[in-house]
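The values are calculated or read from the model by the stated rules, or taken from the named source; none is laboratory data. None of these values were measured; they are calculated from a predicted model. Quick reminder, even Gly has a Cβ in these numbers, built from the backbone with ideal geometry, and neighbours come from all protein chains shown. Accessible surface areas use protein heavy atoms only, side chains included; no ligands, DNA or RNA. Shrake-Rupley method; radii C 1.70, N 1.55, O 1.52, S 1.80 Å.
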Amino acid sequence: MNIFFNMRGTVVRQIAEDRAVAEAAVSPPRRSSSPPRRSSSPPRRSSSSHGDRSSNETLQRNNSSNSGVILDISALKMAEVDSEVPPLPPRYRFRDLLLGDQTFQNDDRVQVEFYVNENTFKERLKLFFIKNQRSSLRIRLFNFSLKILTCVLYIVRVSLDNPKEVNGNLCAICPNNNNTADSTEINWSLIFWVTRREPVWAIQVTVALISFLETMLITYLSYKGNIWEQIFQISFILEMINSVPFIITIFWAPLRNIFVPVFLNCWLAKGALENMINDFHRAIQRTHSAMFNQVFILICTLLCLVFTGACGIQHLERAGKHLTLFDSFYFCIVTFSTVGYGDVTPQIWPSQLLVVILICVALVVLPLQFEELAYLWMESQKLGGNYSRHRAQTEKHVVLCVSSLKIDLLMDFLNEFYAHPRLQDYYVVILCPTEIDIQVRRILQIPLWSQRVIYLQGSALKDQDLMRAKMDDAEACFILSSRNELDRTAADHQTILRAWAAKDFAPNCPLYVQILKPENKFHVKFADHVVCEEEFKYAMLALNCVCPATSTLVTLLVHTSRGQEGQLSPEHWQRMYGRCSGNEVYHIRLCDSKFFGEYDGKSFTYASFHAHKKYGVCLIGVKREDNKSILLNPGPRHIMAAPDTCYYINITKEENSAFIFKQEEKHNKGLSVTGLYDAPSRLPVHSIIASMGTVAIDLQNPDPPEESGKLTLPTENGSGSRRPSIAPVLEITDSSAILPCDLLSDQSEDETNQSDDEGSVGSDFVKGYPPNSPYIGSSPTLCHLLPQKASFCCLRLDKGCTHSSFEDAKAYGFKNKLIIVSAETAGNGLYNFIVPLRAYYRPRKELNPIVLLLDNTPDNHFLEAICCFPMVYYMKGTIDSLDNLLQCGIIYADNLVVVDKESTMSAEEDYMADAKTIVNVQTMFRLFPSLSIITELTHPSNMRFMQFRAKDCYSLALSKLEKIERDKGSNLAFMFRLPFAAGRVFSISMLDTLLYQSFVKDYMIAIARLLLGLDTTPGSGYLCAMKITEEDLWIRTYGRLFQKLCSSSAEIPIGIYRTESHMFSTSECKGSNAQSQVSINIQQGEEHREHRESWKEKTAHRNSSASDQSEHPLLRKKSMQWARRLSRKSTKPSSRAERISQQRLNLYRRSERQELSELVKNRMKHLGLPTVGYDEMNDHQNTLSYVLINPPPDTMLELNDIVYIIRSDPLAHMPEDSQVGQARSTRNQQDFGTETRDETHL
């Protein structure tokens, strides 16, 4: 860079020298014409150096070479030739030139002063008196004080006034002052002249002088070119009337007693007070409502009217009745209130005229202000007003931010939020940008909610509205998305902005955010609790396929209930189902617990079993004090410690429980127990009595047995063989010897000893983490994967490719039943449907193929995420088309999941969004009666239309029961609907309570995610199911099953999914009661035998994931029922007409079923599909299913019961040394043989 600048300086100097030489070369022709220049040039040339001559010679050579070119630069006359160009300062670099540093031009800088006009004296005064908020506030406060002082001085002057002194002392000024107060004529002297004391006069003159000077100064500063506009202002005129007369009395003493209407200063005080309040709010940066401003103006106007009338009438009546100031004030109040007693009235016409003028002014001014006040009140009712700061500081409140508030959403939130006793004193402030709905307004006017719920119309993006809601003082802020929007992504964007705005305004306020799309979840990860609808929805629907009615199980767990629903019903299943639905998840520290305090130092499995046996509570999880992660069933290796937090399922929390011991505790630890139970009568019978939040638990044998014996069971088929007894649950167990339900053995089979069938199903599967996640924030889960990603063309089910020529589900030859998912688009949430079904703990031989039936073709991003999973395919089609259903293999499917479509979530009429889905599902029920269909609805109230049967007495009875429970205030009035109880229908709005409960139970979202498989924590278990077969009925009770699972495989059962045979009475129940009763008994016996035979055939193969358990749709078995009735009635003599009518009706019903069957078979033949798999008569319509959460230990097990269990993490039980673990497992298998395997499988 220095070289560059040195070269630059040399070039500049060379140019200057060349210019000087050129000037010297062309100067001789001009010497004659310009002598003065010639005389001045020699000194310049003499001053040049020797280098000039060399430059001149160079120039001459250039001119000789370039003939014809004459350089005329005589006008330059540069002074640079005489001196050398100075080099650039050393601080300049090439970077400075590029950045435009022009500091070398300091001589061209001009200093500019800003706001010069404000330095004038007038501007400084204007800044002090008008512009500056704080100083102008002080000036207005001083002015207001002066006006109030003048009014007080007027009252003092009136109290000291004596009208007689006016007649005696003012004769010189008023020579014609001969009348008295008692004469009929008006004494004008008493009106124009008053008695004013010297001190009062002096003070009034001083105040008037100050007010006059201030008014003139403000008028001068406010002058904008029109002086008359300033002069004719009412405030200026009043100031002149009240101040100029007093100033004149300074120079003319006889006028000191002249009357001045000083009381008119009250109007100036009113204006000063309004301006002062405005300046005050501007100074403290706070705004007041227009309602407050209008009320204040109205009050001030009324006071000024009354004060003006009282003072004016009192003064004018000095010449009449001599009213006092209080009497005139009383007259004004009576007059303006339209009472008009008439005891005090004005006597002379001036005062009467003043009354008329005041009434006219009041009739004009007051209605206008009342109208403005009413309008503002109505507007404030729409906006909701403000939540007072005093209430926010003294009371607790939460803020609910929503885009649009519907009645269902509001009632779900209020019922769930106020279901907790400690939240009864909380206020709920609703912040919604839309105007309040009429139905919502009616609800909020109910006394139950009107005192605790406040509706504010406003936006969460405005700090003013957040300030109205007192967000910074709120205990929590719930931000809910509008799920009925057509564009759910746009709804999420609005929710994200609301969350950001709330966090920016109130950083310390806990946020509870509901998001719709999983890809938008990471934008609100700063929130304290986040619930993503699509994550939970798809995971729950997936588990419904392998664990029946998981949606019902989770919904009942996250709802608050006392277990009182259905207790007055005559149906046994409704009473039991309603009582068990009151179980919820609670937490307590081990050292503070009566339930679990005695198990300090014991294993988790031991504590869970004995707590259930002794108290009837189900311990499902634990959290260490030094670890934030919750572990579901950590297994027997986890040793309970005093600081641990225990999570358990019970009818109520321990703090609301009372303990009643039926037997005294046995402290003799040396006493040996010969058996697990002394006698069958000593089985643990737990009576749970729930009443008003308190539970009394009857305990028969509180001490757990120290040793275990073997239960003596009757011999089977006369043989002397006995089944093995239930082993005891040890306090500290070597968990390496526990095989968690053949999962490890299944792994060993997959890895070492695979059979041919298993090898054909999953021999090429590997276990690993999915390489591609469709969105940010998905929890990594170990899954069954393909060794290599499948090509996108291979994922298409209905079209062959170069890798595979299969074009329908039958051609693939799947070993297991299909799971079909019908959705509108392949959203990122659909990824959460696949992951739980391909988790590593699912046995390979039980993996069901998944077929995605999509309305729109999925994009490559989604296909890239699912191409690594085995047996996952997609097909473009809808459930409206029978051809599409047949091509995707619906006759080979075990479950069909119908996902609610986004395009139909909103409708012009409320609750009509599910119309198309309900009708399509009802059609599929008729076409494929043996198919288990799981449907998602937008509105939970529409589930009554699922499996709709007109003229069904039982359905009508359930509808009446639902209405009764709703009238009682139940939060789960729809729980007795058969589709919901069986897990056949689900609505995502049911999970809104999960977010609401998190305010009281901050662990509920984490536990729900662990149960659904959305999160996988090392050492935490997972939810699965097992079936009770005939070989397992020897266990007899749920309590013994609890012990069996804990002792053999360290599994924790949490509930039962029970399916019972039930005859649904039809509209023909009006006939003979005896015949109907006999028919029901006969049919129940026949169906029981049918079920026993069917289950005996299926006991050879046990499916722990219960993929074949949900195959009982709840439809009426019409043909079988009528056939039986015909067979019974054939024994009795009947007329020919009756027989013909019965046969005709039976033919009609059979023809309808046959017509549907022929329709399906014809379409299958048209598509080239075999019709062997379609069996139109294979339906189980006379059954009902329901969920029992944490049933009592003495609950008897029944055939076909499906038990929900939390299985411990198999990776947590793997030994560190694989060789030692393999040898140990081999030795255990050799020692226990088939009996151990049978115990594991139950």
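Can you pull out the residues in region 872-899 that are touching a Ser or Thr at 6+ places or on another chain (Cβ under 8 Å) and either surrounded by fewer than 22 Cβ atoms within 10 Å (Cβ to Cβ) or more than 18 Å from Val921 (Cβ to Cβ) (or both)?
Of everything in region 872-899, those that are touching a Ser or Thr at 6+ places or on another chain (Cβ under 8 Å) and either surrounded by fewer than 22 Cβ atoms within 10 Å (Cβ to Cβ) or more than 18 Å from Val921 (Cβ to Cβ) (or both) turn out to be Lys876, Thr878, Asn884, Asp894.
With respect to the numbered conditions (1) in contact with a strand residue (DSSP E or B) (Cβ under 9 Å, 6 or more places away or on another chain); (2) under 25 Å from Ala1025 (Cα atoms), which one is the sole condition not fulfilled by Thr495?
Condition not satisfied by Thr495: (2).
Given the criterion of a type in the set (Gly, Ala, Ser), surrounded by fewer than 20 Cβ atoms within 10 Å (Cβ to Cβ) and modelled with pLDDT under 95, identify the matching residue among Gly566, Gly597.
Matching residue, one of Gly566, Gly597: Gly597.
Residue-by-condition table, conditions (1) closer than 23 Å to Tyr418 by Cα; (2) open to solvent by less than 40 Å² (accessible area, probe 1.4 Å); (3) part of a strand (DSSP E or B):
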residue	(1), (2), (3)
Arg442	yes, no, no
Ile454	yes, yes, yes
Ala460	no, yes, no
Phe478	yes, yes, yes
Ser482	yes, yes, no
Thr489	no, no, no
Ile496	no, yes, no
Asp504	no, no, no
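Could you tell me which residue of region 543-586 is nearest to Lys960 (Cα to Cα), considering only residues that are hydrophobic (A, V, I, L, M, F, W, C) and part of a loop (DSSP other than H, G, I, E, B)?
Leu568
Test Met946 against the stated conditions and say whether it is open to solvent by 10 Å² or more (accessible area, probe 1.4 Å) and hydrophobic (A, V, I, L, M, F, W, C).
Judged against the criteria, Met946 is a match.
Enumerate the pairs (first residue in region 996-1017 and open to solvent by 30 Å² or more (accessible area, probe 1.4 Å); second residue anywhere and not in a helix (DSSP H, G or I)) with beta-carbon separation below 6 Å, excluding pairs fewer than 6 apart on the same chain, so at least 6 apart or on different chains.
Val1000/His420; Ala1006/Ile630; Asp1015/Ser779; Thr1016/Thr781; Thr1017/Ser629
Between Ser404, Ser388, which is under 14 Å from the mean Cα position of the chain (by Cα) and either modelled with pLDDT under 85 or closer than 30 Å to Asp967 by Cβ (or both)?
Answer to the selection: Ser404.
Just one of Ile218, Ile186 is open to solvent by less than 60 Å² (accessible area, probe 1.4 Å), among the β-branched types (Val, Ile, Thr), in contact (Cβ under 8 Å) with a residue 40 or more places away in the chain and not in a helix (DSSP H, G or I); which is it?
It is Ile186.
Can you say whether Phe925 is assigned to a helix (DSSP H, G or I) and aromatic (Phe, Trp, Tyr), as far as the supplied structure shows?
yes
In this structure, is Leu273 at pLDDT 85 or above, out of contact with any Pro (no Cβ under 9 Å at 6 or more places or on another chain), open to solvent by 80 Å² or more (accessible area, probe 1.4 Å) and at negative phi?
No.
Of all residues in region 625-637, how many are open to solvent by 20 Å² or more (accessible area, probe 1.4 Å), in a loop (DSSP other than H, G, I, E, B) and touching a His at 6+ places or on another chain (Cβ under 9 Å)?
Residues meeting the conditions: 1.
Write out, first by first residue and then by second, each pair whose Cβ atoms fall under 7 Å of each other, whose residues are 6+ apart or on separate chains, and whose first residue, in region 640-651, is closer than 16 Å to Ser603 by Cα while the second is among the aromatic types (Phe, Trp, Tyr) and part of a strand (DSSP E or B).
Correct list of pairs: Tyr648/Tyr586.
Could you say whether any residue in region 310-321 is in a loop (DSSP other than H, G, I, E, B) and modelled with pLDDT under 85?
Scanning region 310-321, I find at least one residue that is in a loop (DSSP other than H, G, I, E, B) and modelled with pLDDT under 85, so the answer is yes.
Could you count how many residues in region 411-452 are modelled with pLDDT of 85 or more, of a type in the set (Asp, Glu) and touching a Ser or Thr at 6+ places or on another chain (Cβ under 9 Å)?
2
Please go through region 908-943 and pick out each residue that is of a type in the set (D, E, K, R), closer than 21 Å to Leu486 by Cβ, modelled with pLDDT under 85 and open to solvent by 10 Å² or more (accessible area, probe 1.4 Å).
Within region 908-943, Glu908, Glu909, Asp910 qualify.
Within region 416-440, can you find the residues that are open to solvent by 50 Å² or more (accessible area, probe 1.4 Å) and touching a Gly at 6+ places or on another chain (Cβ under 9 Å)?
Matches in region 416-440: Pro421, Pro433.
Which of (1) part of a helix (DSSP H, G or I); (2) touching a residue at least 24 places away in the same chain (Cβ under 8 Å); (3) under 21 Å from Asp910 (Cβ atoms) is the odd one out, the single condition Ile430 does not satisfy?
(1)
Return the residues of region 311-352 that are touching a residue at least 12 places away in the same chain (Cβ under 8 Å), under 24 Å from Leu368 (Cβ atoms) and within 60 Å of the chain's Cα centre (by Cα); say none if nothing qualifies.
Cys332, Ile333, Thr335, Phe336
Counting just the residues of region 963-1016 that are touching a helix residue (DSSP H, G or I) at 6+ places or on another chain (Cβ under 7 Å) and of a type in the set (Lys, Arg), which one comes out farthest from Asp1209 (Cα to Cα)?
If we take residues in region 963-1016 being touching a helix residue (DSSP H, G or I) at 6+ places or on another chain (Cβ under 7 Å) and of a type in the set (Lys, Arg), then Arg966 is farthest from Asp1209 (Cα to Cα).
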